[in-house]
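Peer 1: Handing you this structure, nothing more for now.
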Amino acid sequence: MSDKATLALLTGAPSSGDGPQWLATVRRTAVEHAERAGLPGVRTEAWKFTNLNALKALEPVAPRGTAEIARPASFGGLDAAELHLSNGTLTRADALPHGVEMVSLAGPDDAPGWVAETLGRIADTDQHPFTAINTGAFAGGVALRIARGATVERPILLLVDTQGVEGAAVATHPRVLVVVEDGAMADLVEVHTGSGAYVNNAVTELVIGKDARLGHYKLQAESGEAFHIAMTAALCADSSTYDNFALSTGGRLARNEIRATLDGRHIEYRINGGYLACGDQHMDTATFIDHAKPDCASHELYKGVLADRAHGVFQGKILVRPDAQKTDGYQMNRALLLSREAEINSKPELEIYADDVKCSHGATVGELEDDQLFYLMARGISKERARAMLVAAYVDEAIDHIQREPIRDAFRAAAADWMQRHIAGAPAEGGV
Amino acid sequence: MALLEIENLHAEIDGKPILKGIDLSIEAGQVHAIMGPNGSGKSTLSYVLAGRDGYEVTEGSIRLDGQDLLEMEADERAVAGVFLAMQYPVELPGVTGMTFLREAVNARRKAAGEDEIDAMGFLKMVRAKAKTLGVTDEMLKRAVNVGFSGGEKKRNEILQMAVLEPKFCVLDETDSGLDIDALKVVSEGVNALRSAGRSMLVITHYQRLLNHIEPDVIHVLAHGRIQKTGGKELALELEQNGYADYVEAAA
Ligand SMILES: Nc1ncnc2c1ncn2[C@@H]1O[C@H](COP(=O)(O)OP(=O)(O)OP(=O)(O)O)[C@@H](O)[C@H]1O
Ligand SMILES: [Mg+2]
């Protein structure tokens, strides 16, 4: 059943006859999957709290040209090598640190073997229609390889920006692939911004080798009219560390899905994040942790702040396969509601088939505490400032988990910036 | 005119009258103590003075230096010089002691049209004051009151008072939870803050605190009213006889 919306999103997709054979095959399968599935409805379990009708009503058009991209002010102080994807096209690539190889994914006719072998193999298209659409339709993106044993100190900052056009919604499908070879270490920071109305349907695939470490941090600060639909899919090998953090503040409707397969022993997976929403924003976080092998640990803490009529969704699933003995899994979603009309749907889920595991999960919903507000005010701090301080402290608990300090500081600044604009001094019913 | 003037103060919580006509005036430089049985309204008075929401003043007035406190929000009162050392200090997860103090000081400076305080100078000043009160650097780095022992929380309240240098301080059972040595240290800290321009209202159940912080005047509060006012001898008398006289008198 191919619906109109799926077809519309696939418009302008490179025809599967273009490009190298391996890519044509990957694309053809993906398009088949996309057309068969159609866009998810609320009866699809994975999307039951997120209504896509507004997105389905769009008649998306291809983006026009490219634009200069500026970092958000909060990330201004971060020393990093920048890559720019404007409207899905690679428009700037700084000299990358030693040990990093980059390939543009715009018509990767002569893509090296490591790209051909991995692209489209980590993010599943069968069960995930938007990923299928991205795979069928991506017109550009970047693939990065961190060479075996390389320690890359300077973070790579990928700025993904989309510019809407007057009177229509633009759709882009940026694609990212990162292969961290055995023993290598690197940090990738993704920042998504834009202006006007558009659909940013992004897919990031990651392969993290044995004894490798990847820090992967994402700020979603799209325009208030944007739809942000993103899939991150990671495959981790023995003794690797994957430190993932995502902060979502933008978009009219945003869905951030992160799936990781811990396909080795002694993997440390850290998946933390926050979502800050106000006005009529809808923010959906979906995470899936596949404990496939023994002796791995996963730690997940999400903190959400919902003001005005914002709607948050958190669906977190941990799967512990029969073989995955000694799994240590922790998952927690905490949401702070700042208004009576704000809403959160939390669905934590454990599916355990091994008997010797330590797993816990939970979800909490709370409000700002009156006695804490009073305590701050009794010391002379204004009510607005007191609220902002308490909310910032709340989110900080998740931000604290970012392992790299300069990056942690940047995210803290991004959260502070949001507080400044939407909590402190802003009218109670402030928009996006 | 006295620094603090409370006249015929009536206040209620959820429609239940708690304070039933309090008259109290404290001259600049004076320390007054309030004693009284559990549930008599001592903490209620302290919250009404500090401007906590939920306490409705139905009659009467409170003036600090001639300014009408009842017209002000809690933060404005604090900026105007009111300080409440709480009976049960609140935990602030994620807000470090230093950040809390800096925000509080800067709020005052902002209200006075001054620039934010110099970070290095401030750190030094706070550390010096913390040291005299037995508040460690480690405590200042931790989230405010989180995981602090009862006594540590009380020291922390007095540290805030020392840093903020208010005009009028209410100390609500600051002695509870303090060990004998800490009581001495904290009392010395409070005494060091006694000055000609600053007044204090010390709420306590025990004569012992008043040996360290000697009050000029003692009041007995029972059933939401001041039942008796006297000198230091009143505390000794209460120590001997308890509150039986006042509880019965008003009942
Ligand atoms: N939020 C509230 N709702 C209803 N009643 C309250 C509330 N807070 C206090 N009270 C009541 O007000 C009365 C006075 O309480 P308050 O805390 O002021 O007493 P106190 O003199 O400080 O006592 P203690 O010596 O035990 O500290 C008590 O009867 C108490 O139960
Ligand atoms: Mg009390």
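Peer 1: Among B:Asp65, B:Asp115, B:Asp23, which one shows the highest mean-square fluctuation when chain B is modelled as a Gaussian network with alpha-carbon springs under 10 Å?
Peer 2: B:Asp115
Peer 1: At a cut-off of 40 Å², which residues of region A:358-392 become less accessible once all protein chains are present than in their chain alone, using a 1.4 Å probe?
Peer 2: A:Asp371, A:Gln372, A:Phe374, A:Tyr375, A:Met377, A:Ala378, A:Arg379, A:Gly380, A:Ile381, A:Met389
Peer 1: Hey, with R₀ at 51 Å, roughly what FRET efficiency would A:Asp280 and B:Glu7 work out to, going by the Cβ-Cβ distance, to 0.05?
Peer 2: Numbers: r = 50 Å, r/R0 = 0.97.
It comes out at approximately 0.55.
Peer 1: Between region A:359-430 and region A:202-241, what's the alpha-carbon centroid distance in Å?
Peer 2: The two parts, judged by their Cα centres, are 25 Å apart.
Peer 1: Rg and Dmax of region B:2-250, Cα atoms, in Å?
Peer 2: Radius of gyration, then largest Cα-Cα span, for region B:2-250: 17.9, 57 Å.
Peer 1: What are the lysines whose alpha-carbon lies under 19 Å from the alpha-carbon of B:Lys153, with same-chain residues fewer than 8 places away excluded?
Peer 2: B:Lys129, B:Lys131, B:Lys141, B:Lys184
Peer 1: On to the next question. Can you tell me what share of the DSSP beta bridges in region A:4-367 is antiparallel? A percent to the nearest 5 is fine. Provide the component values of the computation, followed by the final result.
Peer 2: Values: 10 of 144 bridges.
Antiparallel: roughly 5 percent of the beta bridges in region A:4-367.
Peer 1: Here's something else I'd like to know. Once the other residues with Cβ under 9 Å from the Cβ of B:Arg198 are scored (Lys, Arg +1; Asp, Glu -1), what is the net sum?
Peer 2: Working: positive: B:Lys167, B:Arg194; negative: B:Glu165.
Residues near B:Arg198 contribute +1 overall.
Peer 1: Once the other residues with Cβ under 9 Å from the Cβ of B:Lys42 are scored (Lys, Arg +1; Asp, Glu -1), what is the net sum?
Peer 2: Working: positive: none; negative: B:Asp172, B:Glu173.
Value of the local net charge: -2.
Peer 1: A follow-up question, please. Taking every residue in B:142-153, how many Cβ atoms of other protein chains lie within 10 Å of its Cβ, on average? Please list the in-between numbers first.
Peer 2: On the way: counts 0, 3, 5, 1, 0, 0, 0, 0, 0, 0, 0, 0.
Average neighbour count from other chains, rounded to a whole number: 1.
Peer 1: Tell me, what are the semi-axes, in whole angstrom and largest first, of the equivalent ellipsoid of region B:116-195 as set by the roots of 5 times the Cα gyration tensor eigenvalues? Each step should come with its number before you reach the end.
Peer 2: Values: eigenvalues 77, 52, 25 Å².
The equivalent ellipsoid of region B:116-195 has semi-axes of 20, 16, 11 Å.
Peer 1: Mind counting lysine pairs for me in region A:4-367? Cα separation below 22 Å, and the two need to be 8 or more apart along the chain or on different chains.
Peer 2: Here the count comes out as 20.
Peer 1: In nm, to one decimal, how far is the modelled label at B:Ala111 from the one at A:Glu45, with both set 7 Å along Cα→Cβ?
Peer 2: A separation of 5.7 nm, rounded to one decimal place.
Peer 1: Can you compute 3J(HN,Hα) from phi for each residue in region A:316-332, using the Karplus curve 6.51 cos²θ - 1.76 cosθ + 1.60 with θ = phi - 60°, rounded to whole Hz and x for Gly and Pro?
Peer 2: In residue order, the calculated couplings are x, 10, 10, 10, 10, 6, x, 6, 8, 5, 6, 6, 10, x, 9, 9, 8 Hz.
Peer 1: Considering amide H positions built from the backbone, and no H for Pro or chain starts, which residues 5 or more places from B:Ala222, or on another chain, come under 5 Å of its amide H?
Peer 2: B:Gln227
Peer 1: Under a plain spin-label model, where a point goes 7 Å from the Cα along Cα-to-Cβ, how far apart in nm are A:Ala95 and A:Asn53?
Peer 2: 5.6 nm
Peer 1: Still on this structure: Percent antiparallel among DSSP beta bridges with both residues in region B:100-251, to the nearest 5?
Peer 2: Details: 6 of 11 bridges.
Once the DSSP bridges in region B:100-251 are tallied, antiparallel ones form about 55 percent.
Peer 1: Okay, next question. Can you list which of the GluC sites (Glu not before Pro) found in region A:133-193 are DSSP loop residues with at most 10 other C-beta atoms within 10 Å? If you can, show how the numbers build up before the last one.
Peer 2: Details: sites: A:Glu153, A:Glu166, A:Glu181, A:Glu190; in loops: A:Glu153, A:Glu166, A:Glu181.
When the GluC sites (Glu not before Pro) of region A:133-193 are filtered for loop state and at most 10 Cβ neighbours within 10 Å, A:Glu166 remain.
Peer 1: Which residues make up the longest stretch of chain A that has no trypsin sites (Lys or Arg not before Pro) in a DSSP loop with at most 11 other Cβ atoms within 10 Å? Walk me through the intermediate numbers first.
Peer 2: On the way: sites that count: A:Arg43, A:Arg340.
The longest such stretch corresponds to A:44-339.
Peer 1: Looking at the protein assembly as shown, what % of its DSSP beta bridges pair antiparallel, to the nearest 5? Let's see the in-between values first.
Peer 2: Details: 36 of 187 bridges.
The antiparallel fraction comes to roughly 20 percent.
Peer 1: Here's a follow-up. Please identify every one of the chymotrypsin sites (Phe, Trp or Tyr not before Pro) in region B:196-251 that sits in a loop by DSSP and has no more than 16 other beta carbons within 10 Å of its own beta carbon. Intermediate values should be presented prior to the final figure.
Peer 2: Numbers: sites: B:Tyr206, B:Tyr243, B:Tyr246; in loops: B:Tyr206, B:Tyr243.
Taking region B:196-251 and a limit of 16 other Cβ atoms within 10 Å, the loop chymotrypsin sites (Phe, Trp or Tyr not before Pro) found are B:Tyr206.
Peer 1: Within the set of other residues whose C-beta is less than 13 Å from the C-beta of A:Gly76, count the net charge using Lys and Arg as +1 and Asp and Glu as -1. Provide the component values of the computation, followed by the final result.
Peer 2: Numbers: positive: A:Arg71; negative: A:Asp79, A:Glu82, A:Asp409, A:Asp417.
It works out to a net charge of -3.
Peer 1: Then there's this: Direction-averaged shadow area of the convex hull around the Cα atoms of chain A, nm²? Present the calculation step by step, with values, prior to reporting the outcome.
Peer 2: Numbers: hull surface 79.8 nm².
Average of the hull's projected areas for chain A equals 19.9 nm².
Peer 1: According to a simple spin-label model (label point 7 Å from Cα along Cα-to-Cβ), what is the distance in nm between B:Asp137 and A:Arg121?
Peer 2: It works out to 5.3 nm between the two label points.
Peer 1: While we're looking at this one, here's another question. With a 1.4 Å probe and all protein chains left in place, how much accessible area per residue does region A:4-367 have, in Å²? Intermediate values should be presented prior to the final figure.
Peer 2: Details: 12920 Å² over 364 residues.
Each residue of region A:4-367 exposes 35 Å² on average to a 1.4 Å probe.
Peer 1: Over the whole of B:75-84, what's the average partner chain Cβ count within 10 Å per residue? Rounded to a whole number, please.
Peer 2: On the way: counts 13, 3, 3, 6, 4, 1, 1, 2, 3, 4.
Across B:75-84, the average partner-chain Cβ count within 10 Å equals 4.
Peer 1: Which Rg and Dmax, in Å, describe the Cα atoms of region B:1-88?
Peer 2: 12.3, 36
Peer 1: When chain B is treated as a GNM, springs tying every alpha-carbon pair under 10 Å, which of B:Ala192, B:Ala107, B:Ala143 comes out with the largest mean-square fluctuation?
Peer 2: Of B:Ala192, B:Ala107, B:Ala143, the most mobile in the Gaussian network model is B:Ala192.
Peer 1: Cα axis of helix B:97-111 to longest principal axis of chain B: angle in degrees, 0 to 90, nearest 10?
Peer 2: Roughly 80 degrees, rounded to the nearest 10.
Peer 1: Given the rule -39500 (n - 2.57) for each run of at least 4 DSSP H residues, summed and divided by the residues of the protein assembly as shown, what is its mean residue ellipticity at 222 nm, to the nearest 500 deg cm²/dmol? List each step's numbers first, then the result.
Peer 2: Working: 18 runs with 187 residues, N = 683.
Roughly -8000 deg cm²/dmol at 222 nm, from the helical runs in the protein assembly as shown.
Peer 1: On to the next question. On a 0 to 90 degree scale, rounded to 10, what angle separates helix B:119-132 from the longest Cα axis of chain B?
Peer 2: Helix B:119-132 sits at roughly 50 degrees to that axis.
Peer 1: If you don't mind, there's one more thing I want to ask. Provide a whole-number value for the mean count of partner chain Cβ atoms within 10 Å of the Cβ atoms in peptide B:104-116. Mind showing how you got there, number by number?
Peer 2: Working: counts 5, 2, 3, 8, 3, 1, 3, 2, 0, 0, 0, 0, 0.
Mean partner-chain Cβ count within 10 Å for B:104-116: 2.
Peer 1: Relative contact order of region B:2-250: what whole-number percent is it, with Cα pairs under 8 angstrom and at least 6 residues apart?
Peer 2: It rounds to 27 percent for region B:2-250.
The values are calculated or read from the model by the stated rules, or taken from the named source; none is laboratory data. Fair warning: this is a prediction, and the values are worked out from it, not measured in the lab. Quick reminder, even Gly has a Cβ in these numbers, built from the backbone with ideal geometry, and neighbours come from all protein chains shown. The accessibility values were calculated without ligands, DNA or RNA, using every heavy atom of the protein model including side chains. Shrake-Rupley method; radii C 1.70, N 1.55, O 1.52, S 1.80 Å.
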